[in-house]
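The values are calculated or read from the model by the stated rules, or taken from the named source; none is laboratory data. Not measured: the values here are computed from a predicted model. Here the Cβ positions follow ideal geometry from the backbone for every residue, glycine too, while neighbour counts run over all protein chains shown.
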Amino acid sequence: MRYFWIGVAAVLAAMSLVAYRITPRLADDGRIPLVWTTDPNPQREPQVAMFNEMYPHLQLRIDPDNTDSTRVTVQSSAGMGPDLIGRVYDAVIQSYHEAGLLMDLTDYAEDMGFGLDTLPEDIQQFVSLDVLMEDGTIQSRMFAYPANMAQHFIFYNKNLFDRAGIPHPPDDMTWDEYIDIAQKLTVMDEVRGVPRVFGAGGAIVDTIIYAHGAEYLNESGTRSTMDRPAFIDAMVFLHKLYYEYGVEPTPLQQAGIASQGGWGAGYNNWFSEGRLGMIWGERWRMISFRRAITEQKRAREIWFAQNPDADPDDAPEILRIGATQIPRMPDRPRYTTAHARSVAINDANPHRKEALYFLQYLASEPYAKLINQGSDSKPPNKKFHELDLFINPDWPGEEAVHAASLEAVQYGRTRRRSMLVTNATINHIFEQVRSRIIASPDMTREMIAAELERAADRVNLHIARNIKRNPRVHTIYDALLAQGAEPIVYNLEDIK
Amino acid sequence: MKKPPSKDLVRRGTGLSLKFLFVSVLCGIMFLPFIWMICTAFKSSAEVEGAHFWPKLFSPDNIRIVLQMIPDPFTHEYVNLSLLRWIFNSFFVASWVTALQVFTSCMAAYAFSRIRWRGRDQVFLLYLATMMIPALVLTIPRFQIMVSLRLVNTYQGLIIPSAFSAFGTFMLRQFMLSIPQSYDEAAEIDGAGHLQIFLDVIMPLARPGMITLAIFTFLGNYRSLMWPLIMIKDAHLRTVPIGLLAFQGEYGTQVELLMSATLICLIPLIMLFIILQKQLVRGINLSGGVKG
Amino acid sequence: MGMLWTGMRERKHFKAAVGFLCLNIIGFLCFTLGPVLLSLYMSFTNWTLRRSVELQWVGLRNYRELLTDSNFWFFLYNTLYFMLAIPFTVCASLLLANMLVDSMQLKRRALRVRIASIILAIGALNCTFLFLVGRPDPALILAVIYAGAAAGVLWGSVSYRTMLYVPSFASGVATIILWQQIFNPYHGMANNILGQVAQWLNLDVTLPTWLNSTKSLLGFLPLPETFSSGGFGLGAREAIMIMGFWMGIGGNNMILYIAAIANIPQDLYEAAEIDGASGVGKFWHITVPSVAPTTFFIAIMATIGGLQGGFEFARIMTQGGPAGTTTTLAYYIYTKGFVEQDLGYAASVSWVLFAIVFSLTLVNWKYGNRKMEAAT
């Protein structure tokens, strides 16, 4: 038995040695390492290389495996978070702040060239938070800087329109026109019962909510407005998009489409393959469209080599892309959801000062050039938002897309935030409602209204509990009341 | 009244054949998912949507893509997974846990079953009581403890918390209790100390119990999902379940690649099964007691 | 003198015990008992990973809040719903065990080899024919069945036990991913087969959409609206139960039952045969009561496992959806604790879960023991 255990120990020791040997280590060359959690989009490589070239004493690398906020927060609590938190979206910026992870950038930004004034107005709201300062005042502070920004618009596949003989979408499209066009584009696969070609896809819920004049919160952020008629209208409309008009792939229909291509699969590939007529998005979609076009050109060449005498009309098509703005309601202005993949500095990490250089880099011209040429949405610094800069000479014929992207900036809108409850909590509660609406074909208006009423009540209860339980939030609430805010729904005495 | 033997034989023969038929068909049904998986793993992406099993166009490329031997033809990039690394990690962690757990449980079981000391039964009762507590209750504080020990995102963090088990102690204690007291009394008269008795008398006799415990510990850790999911940050520490989960998140729409990767991840498990099948199917006594 | 001697001896034993136990005890204190106490403490606080919230003792607040949390009740209902599959799985295991308990081997080896070769030969011919005719799918399935039959004749029931054990052995992330694809409503195996059967029977039915559907077999019950009853039908929960059935039927339960049935004294059956009992009667009146202790053990383990289960498939297959129908308490604890970082609340949910597990086990124990006494 002794020998058995000695043998076991020897095997384990050998395995440990192997494990030790194959553990990758960073080369220690005196440079200060910085880790940036972000997606492994092919554009990242030149962006990182350029930064490391411009700041030779720093060594930036990306971590694509730990980008979601749960992982970042849990890992930061364990003392191993990233230096640069790379996907600070609207839904998580408040949570990160509550977790004490965000470094306040306000005092550095202006001097280092990445101040708020470099950003469009909607994005300024995106990266700032109202916070309670030590002296008891409420101030707006800056906590992140975008790596890129997006105001969504619509891409359309010209080939599909021409084949179906439908005129291209107008510049000023209404929702009725949008639905009509999308329905005309849809081609059913009778055998499988799923559309072979979807008319449209990727509609954003927030945009639909804005289009109905609704919001998640009242102006002072003290009440949920999810139970108000405008919001119910918006959700009923969303349900109709899926199940009455059939212009948005349901989860079920999505499951029916297996797709090709790893990164950015799904809608991008359906669109490139000609299975989706119109798609909501930003210029970042062009990264995969360009790749698809390269592929299609190659396929076409091969086809011509194989069929030299054939009619060119029969050859495999090459994707031709047009662009237009998000539809609007006839009686309302156009809004589109503004979005920024922002970067924040982890307040708990030692290299905070060095990390500031990265934000400086994000506002710089070389970085903007990479974004513009690589078509990774729009660069954060609005100084570089110009059509000439967007055009990549290698990719002629994209002017319409770039122009639409620039035009969309003026329609951009971000969600209201409350100081009493995080948007992450609201999202979490709302998501249950949304998923149920999308999963149930036979939901009536009454059912949707009942769901929303419950959701609003849960948010309101959350607000009341936060105020009651957290003295800091209570101070904020008192200050808000002093400013004339609408009082909360619940009576604070009833809350335990 | 006695039936003629020939008629009885016919009746029994028919019964037996029917039984064979039934169980064989059942086995066929049970294996359907695996057949479907293997077939899908060899389909081209265009064929995945079809209702048939057998691939019309046999494409072994999927396996080569997930083994990173060739790039994905659609993106011209190598897929982001390292199957062999995951399998190594899983084996590494599970082996360490198994060895440590069997060893520490064995020692504790010896103290609980062969040595008489005051308070023994009370301590043992405490062990037993904690077995009733769901593992979920423990996950959150265990994570907090690992944070304070700075073991998050390390092999040690995966291994150490699972290296001690009340269940293993309980099971081996029951086993050791069944070994007649006379063995160690004889050894004691020969002047053997506890260590010697433990190593030379009890351990060899407790081997079947140890093997059973080892199999279950190994399997449980090879499969475990929640703890590594919380503990692991770096890609190079991923075990098979975590790696597959990440792969599913990234390439979930490419069914043929997903099935190829799944197939490869199942192969070591199936091999292990072939080695262990005798122990598993014939002699396992789960109740932790003694074999009858 | 004698007293002193015993004392010395006792001290020596105590030292040895400490030596043998120290490793395990340290681990036990750090990773079991310590966490248990810590989690109990956490459940009475507002423990969170958010640094801006101060740690406070909140007494029973988490528990009170939980009782009014409609999600908690919904997810508890889901957990219990999934457990409805347990009796079916256990019964199926028992029936299989009863079938596979005798060796099923013919006495003469030469005869076995001959019959097995005949089966294999017929199978090879049959499958090759089907394959050449252009029907590879049935050929494939038949090939497995023929191979199973041949192995069964050659090695007896052991080969079947081995084959049926494979799904349970292989269960884990890989097989759950496999089943997720099987339940894909369009290109999954489940609907492929159902569709073909429906076509063959000339039925015009809408196939279930499995993991995308909120329907359930209890959907006709007037459940509260927050329980998102999607109507009667096969939905995500049923899909997962079918997967659980596949994984559980031939696993450890069957092996345990085989051992238990093999231990039943043969003369009980002989006595019953003299009394003219049929096969079914023997099974019902002798086998079932005799394996009651095993059933009791399995029931306890399955209850404990079932109440704590559901994390893996929720995380892998459904993310708890659609509309929360596949979220169990285990997955709720995970999301509350690690996604919403409300660790105190999550700890209180896990303690309520413990209370349920404990009381159900107690009921099981009392009821089961009484039943067993009645049986013997």
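At a glance:
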read-out: Residue list for region A:117-155, restricted to those being touching a strand residue (DSSP E or B) at 6+ places or on another chain (Cβ under 9 Å), in contact (Cβ under 8 Å) with a residue 24 or more places away in the chain and more than 16 Å from A:PRO379 (Cα to Cα); value: A:GLN125, A:LEU129, A:ASP130, A:VAL131, A:LEU132, A:ILE138, A:ARG141, A:MET142, A:PHE143, A:PHE153, A:ILE154, A:PHE155
read-out: Of all residues in region A:125-163 being in contact with a Ser or Thr (Cβ under 9 Å, 6 or more places away or on another chain) and in a helix (DSSP H, G or I), the one that is surrounded by the most Cβ atoms within 10 Å (Cβ to Cβ); value: A:VAL127
read-out: Filter pass, A:ASN381 being under 23 Å from A:GLU219 (Cα atoms) and surrounded by 19 or more Cβ atoms within 10 Å (Cβ to Cβ); value: no
read-out: Qualifying positions in region A:328-370 - in a loop (DSSP other than H, G, I, E, B) and of a type in the set (A, V, I, L, M); value: A:MET329, A:ALA348, A:ALA363
read-out: Filter result for B:SER165 (of a type in the set (S, T, N, Q) and more than 30 Å from B:LEU237 (Cβ to Cβ)); value: no
read-out: Selection status of C:ALA323, closer than 23 Å to C:PHE227 by Cα, part of a helix (DSSP H, G or I) and either in contact (Cβ under 8 Å) with a residue 24 or more places away in the chain or hydrophobic (A, V, I, L, M, F, W, C) (or both); value: no
read-out: Any hit, region B:135-150, residues being within 11 Å of chain C (Cβ to nearest Cβ) and aromatic (Phe, Trp, Tyr); value: yes
read-out: Residue count for region C:152-200, restricted to those that are of a type in the set (Gly, Ala, Ser), in contact with a Gly (Cβ under 9 Å, 6 or more places away or on another chain) and under 18 Å from C:ALA239 (Cβ atoms); value: 1
read-out: Test: B:GLN174 is assigned to a helix (DSSP H, G or I), assigned by TED's automatic domain parsing to the domain that holds B:ALA94 and closer than 18 Å to B:PRO208 by Cβ; value: yes
read-out: Test result for A:ARG434, part of a helix (DSSP H, G or I), under 19 Å from the mean Cα position of the chain (by Cα) and not assigned by TED's automatic domain parsing to the domain that holds A:LEU119; value: yes
read-out: Any hit, region B:101-115, residues being in contact (Cβ under 8 Å) with a residue 60 or more places away in the chain, assigned by TED's automatic domain parsing to the domain that holds B:ALA206 and closer than 24 Å to A:PRO24 by Cβ; value: no
read-out: Filter result (of a type outside the set (Gly, Ala, Ser), facing chain B (nearest Cβ under 7 Å) and either more than 16 Å from B:SER162 (Cβ to Cβ) or not in a helix (DSSP H, G or I) (or both)) within region C:16-35; value: C:PHE20, C:LEU21
read-out: Verdict on A:ALA455 being touching a strand residue (DSSP E or B) at 6+ places or on another chain (Cβ under 8 Å), assigned to a helix (DSSP H, G or I) and not charged (D, E, K, R); value: yes
read-out: Hits in region A:79-95 (condition: part of a helix (DSSP H, G or I) and touching a Phe, Trp or Tyr at 6+ places or on another chain (Cβ under 8 Å)); value: A:ASP90, A:ILE93
read-out: Test result for B:PHE143, outside any loop (DSSP other than H, G, I, E, B), modelled with pLDDT of 85 or more, among the aromatic types (Phe, Trp, Tyr) and buried (at least 22 other Cβ atoms within 10 Å of the Cβ); value: yes
read-out: Qualifying residue in region C:261-283 (condition: within 11 Å of another protein chain (Cβ to nearest Cβ), crowded, with 23+ Cβ neighbours inside 10 Å and in a helix (DSSP H, G or I)); value: no
read-out: Residues located in region C:319-340, provided they are over 21 Å from A:ALA455 (Cβ atoms), at pLDDT below 90 and buried (at least 23 other Cβ atoms within 10 Å of the Cβ); value: C:GLY337
read-out: Candidate set: region B:151-180, residues that are of a type in the set (Phe, Trp, Tyr) and away from chain C (no Cβ under 13 Å); chosen: the one surrounded by the fewest Cβ atoms within 10 Å (Cβ to Cβ); value: B:TYR155
read-out: Of the criteria (1) buried (at least 20 other Cβ atoms within 10 Å of the Cβ); (2) free of Cβ contacts under 8 Å to residues at least 60 places away in the same chain, which one C:LEU111 fails; value: (1)
read-out: Count of residues meeting criterion [surrounded by 15 or more Cβ atoms within 10 Å (Cβ to Cβ) and of a type in the set (D, E, K, R)] in region A:437-452; value: 1
read-out: A:SER405 vs. criteria under 20 Å from the mean Cα position of the chain (by Cα) and surrounded by 22 or more Cβ atoms within 10 Å (Cβ to Cβ); value: yes
read-out: Selection count where residues are at the interface with chain B (Cβ under 7 Å from one of its Cβ atoms) and crowded, with 22+ Cβ neighbours inside 10 Å, scope region C:36-45; value: 2
read-out: Qualifying residue in region A:159-178 (condition: more than 27 Å from A:GLY281 (Cα to Cα) and either of a type outside the set (A, V, I, L, M, F, W, C) or within 14 Å of chain C (Cβ to nearest Cβ) (or both)); value: no
read-out: Within region B:19-51, considering residues that are more than 25 Å from the chain's Cα centre (by Cα) and aromatic (Phe, Trp, Tyr), the one farthest from the other protein chains (Cβ to nearest Cβ); value: B:PHE42
read-out: Scan of region B:71-97 for residues that are more than 9 Å from every other protein chain (Cβ to nearest Cβ) and over 30 Å from A:ARG290 (Cα atoms), ordered by number; value: B:LEU83, B:LEU84, B:TRP86, B:ILE87, B:SER90, B:VAL93, B:ALA94, B:VAL97
read-out: Residues that are aromatic (Phe, Trp, Tyr), touching a Phe, Trp or Tyr at 6+ places or on another chain (Cβ under 6 Å) and assigned to a helix (DSSP H, G or I), drawn from region B:99-140; value: B:TYR110, B:PHE112, B:PHE124
read-out: Qualifying residues in region C:121-166 (those that are part of a helix (DSSP H, G or I) and among the charged types (D, E, K, R)) - the one nearest to B:LEU26 (Cα to Cα); value: C:ARG161
read-out: Flag for C:ALA330 being in a helix (DSSP H, G or I) and under 24 Å from B:SER224 (Cβ atoms); value: yes
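Here is a yes/no grid of residues against (1) of a type in the set (A, V, I, L, M); (2) more than 30 Å from A:VAL473 (Cα to Cα):
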| position | (1), (2) |
| --- | --- |
| A:LEU12 | yes, yes |
| A:ARG61 | no, yes |
| A:SER77 | no, no |
| A:ARG87 | no, no |
| A:ILE93 | yes, no |
